[in-house]
Amino acid sequence: VEENTGDKERSAVVNVTVGKGKLLSKEIAVTQLGKAPKIVLTPNMVDFPLEGGNSNVQVVSNVSGWEPNVVVGSSWCSVRKEGTKLVVNALRNDNKEMREAVVTVADASTSAMATLKVVQLGTDKVLTVSPISIFGSKGGVQNLKVITNHASWEATVPSSATWCQAIPSDKTLQ
């Protein structure tokens, strides 16, 4: 990737294919920051089972002074900076309800800021899918995050929607 001398970020899609006739293919989104101060978190949402645990979040930024801060949910969620990543920790949730925390990553000398959503399941059964999926007229593929404390889940598409597929895989729906 060459240097981006502009202020705005830019992106491209790389297509990777296998076999003659492109038997298998995968699209990879590549994004490059511009010169304008920016912080990007990957992923920008993490979820924990009721037992709690740790999760790593990659931080890509063109500012060096960024710091994380738990602004909602600090009684059960903590975060620490380790190089170019965040380590998010959630304590056990013995409550029935799912709970959410918000972590901001900001640079004090610029306006650069990113937000991380943290979700933790409770003892009640829950099922959430995000984000809402809208496609342009050309179609495409999107990964939706499935959060549940059920032992199994499935996705079906009505037989009349022959133009649409739903492929479940662990914690995602494609």
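Brief remarks on what is shown
- Percent RCO, i.e. relative contact order, over the chain, from Cα pairs under 8 Å lying at least 6 residues apart: 17 percent
- Exposure rule at most 14 other beta-carbon atoms within 10 Å, DSSP loop GluC sites (Glu not before Pro): the chain longest free segment: 98-153
- Those chymotrypsin sites (Phe, Trp or Tyr not before Pro) in the range 69-169 that DSSP places in a loop and that have at most 11 other beta carbons within 10 Å: Phe135, Trp163
- In loop segments of the range 81-134 as defined by DSSP, the trypsin sites (Lys or Arg not before Pro) with at most 13 further C-beta atoms inside 10 Å of their C-beta are Arg92, Lys96, Lys125.
- This model, with +1 at the C-beta of Lys and Arg and -1 at the C-beta of Asp and Glu, gives the range 43-174 a dipole about its Cα centre of some 160 debye.
- Rg and Dmax over the alpha-carbon atoms of the chain stand at 19.0, 55 Å.
- Taking every protein chain into account, the accessible area of the chain amounts to 67 square angstrom per residue (probe 1.4 Å).
- Two-decimal ratio, the range 81-174, of alpha-carbon radius of gyration to 2.2 N^0.38 Å: 1.42
- Selection from Val60, Val157, Leu91 lying farthest towards where the dipole of the range 1-157 points positive, charges on Cβ: Val157
- Accessible-area composition of the chain, carbon plus sulfur, in percent [1.4 Å probe]: 52 percent
- Listed pairs Lys8/Lys145; Lys26/Lys171; Lys20/Lys171 exceeding 20 Å between Cα atoms: Lys8/Lys145; Lys20/Lys171
The values are calculated or read from the model by the stated rules, or taken from the named source; none is laboratory data. In this text, all values refer to a predicted model and were calculated from it rather than measured experimentally. Reconstructed Cβ throughout: ideal geometry from the backbone, glycine too, with neighbour counts over all protein chains shown. Just the protein is used for accessible areas: all its heavy atoms, side chains included, with ligands, DNA and RNA removed. Shrake-Rupley method; radii C 1.70, N 1.55, O 1.52, S 1.80 Å.
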